[in-house]
Amino acid sequence: SEITQIQQDMKNVASAATFNGVNWLSTNASTPTTVNLVSSFSRVGSTPTTSSITVTVANYSLYTSSTNGILDTVSGSASVDSLNIGALTDSAADQTILDGYIAKVTAAIGTVSSGAANLGAIKNRISNNSEFVKSLMDSVDRGIGQLVDADMNQESTRLAALQVQQQLGVQALSIANNNSQSILSLFR
């Protein structure tokens, strides 16, 4: 009973897993055979270029409508999706059947792990490139900001210096005017 529930749970999870509106784990005739994922973006001069990774969906499909997915492919008398140990006994023949089931499950686990590792590597490649582009955009924004934005401390210091120069100029003119008045008063 527990194995049957686990089989149903795996099928439910696979049927609910979608990426960009396409289910890669539970496929049917309308599922594309390959998907191109944008993996990088670069711009040389004014020419933008992108690179992509081609993913073959069948390599990751657990269930298919034609029963040739990782978990529903029938070999011998059953697939991982349909194996049932409820009727097996301790007889030598049933032990051989059970050993075959264990081998199927072990092989399926290996295939699923390999597929997950491949998808993880693709995800990491795309994530690394996304982080690189984000860092590049941040540094460009910071550089433009430094070119455009005024340094407020520097500008306020410059303003204070100009105000002091203006006040000194006014005082110098005032002193000069007072001195000329003093000299004119001697001639009277």
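The values are calculated or read from the model by the stated rules, or taken from the named source; none is laboratory data. This structure is a prediction, so every number in the text was calculated from the model and none was measured. Surface accessibility is based on the protein's heavy atoms, side chains included, excluding ligands, DNA and RNA. Shrake-Rupley method; radii C 1.70, N 1.55, O 1.52, S 1.80 Å.
Taking N as the residue count of the chain, its C-alpha radius of gyration divided by 2.2 N^0.38 Å amounts to 2.39.
Keeping the other protein chains in place, figure out the carbon and sulfur percent of the accessible area of segment 7-91, with a 1.4 Å probe.
52
Taking the Kirkwood radius as Rh and the Cα radius of gyration as Rg, segment 37-131 has a ratio of Rg/Rh equal to 1.26.
Enter the mean projected area of the convex hull around the alpha-carbon atoms of segment 133-183, in nm², rounded to one decimal.
4.0
Whole-Hz Karplus values for segment 31-37 come out as 6, x, 6, 10, 10, 9, 9 Hz, taken residue by residue from phi with 6.51 cos²θ - 1.76 cosθ + 1.60 and θ = phi - 60°; glycine and proline positions read x. Computed with a 1.4 Å probe over protein heavy atoms only, the accessible surface of segment 30-136 comes to 62 Å² per residue. With θ taken as phi - 60° and the Karplus curve 6.51 cos²θ - 1.76 cosθ + 1.60 applied, the whole-hertz 3J(HN,Hα) list for segment 104-109 is 5, 5, 5, 5, 5, 4 Hz, x standing for glycine and proline.
Annotation: amide H of V80 within the under-5 Å range of T73, sequence separation 5 or more or interchain, hydrogens built in the peptide plane.
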